1. In the stretch 174-195, how many residues are in contact with a strand residue (DSSP E or B) (Cβ under 6 Å, 6 or more places away or on another chain) and in contact (Cβ under 8 Å) with a residue 40 or more places away in the chain?
2. Is one or more of the residues making up the stretch 57-73 in contact with a strand residue (DSSP E or B) (Cβ under 9 Å, 6 or more places away or on another chain), in a helix (DSSP H, G or I), surrounded by fewer than 22 Cβ atoms within 10 Å (Cβ to Cβ) and modelled with pLDDT of 90 or more?
3. Which condition number in (1) touching a strand residue (DSSP E or B) at 6+ places or on another chain (Cβ under 8 Å); (2) surrounded by 20 or more Cβ atoms within 10 Å (Cβ to Cβ); (3) not in a strand (DSSP E or B) is the one that residue 218 fails?
4. Among the residues of the stretch 101-116, which ones are crowded, with 16+ Cβ neighbours inside 10 Å and within 16 Å of the chain's Cα centre (by Cα)?
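The values are calculated or read from the model by the stated rules, or taken from the named source; none is laboratory data. The model shown is predicted, which means the values in this text are computed figures rather than measured ones. Counting neighbours? That spans all protein chains shown, and the Cβs are built from the backbone with ideal geometry, glycine included.
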């Protein structure tokens, strides 16, 4: 999967680029930008976003300040992106797949087993196909992608051991608010349920869901292994 930062367009130039998916904006002197996070505090992506914020604030020498609001304090991913489109949030950092809600062909990043490995994904991110999707996002939604890179793989964590596709049949599976995910897990025989990432731990503990998936560091930061001890 991918990490990302995004922003609406302003007047001036945002300096400072970190590995992940970054978005650039033009800014006036002494401007404060709101950076909406959505990943678990302490996860790899959250730490990368925090590092990006610190570097920009340090190197801008007071001309620009980024206010990074961690976790889901501003809402889930879709809500933060919508706030960014409205202009109340200026930066956002998370996976590119969320943009399939606005540019449907970004759904390729949400299909199961699409890429063989990180090198294969990197090749896609350097392709003309990807560039066209990024340009469509910019022209239609005002969000500009500066850079993109593969990040850690995702894992399945469940309340029982999953050793074959048949073991998924009937499992109450958490999915995000991305239609492609829902279709994927329906195809695999689960009973998908849309649950916000911040509510996954409680959902696993109460039995509302029986399994979920996500990046290793994000799952560990949310202590998912305590509610779903089988990690695959």
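1. 2
2. yes
3. (1)
4. If the condition is that a residue be crowded, with 16+ Cβ neighbours inside 10 Å and within 16 Å of the chain's Cα centre (by Cα), then 101, 102, 103, 106, 107, 108, 109, 110 are the ones that fit.
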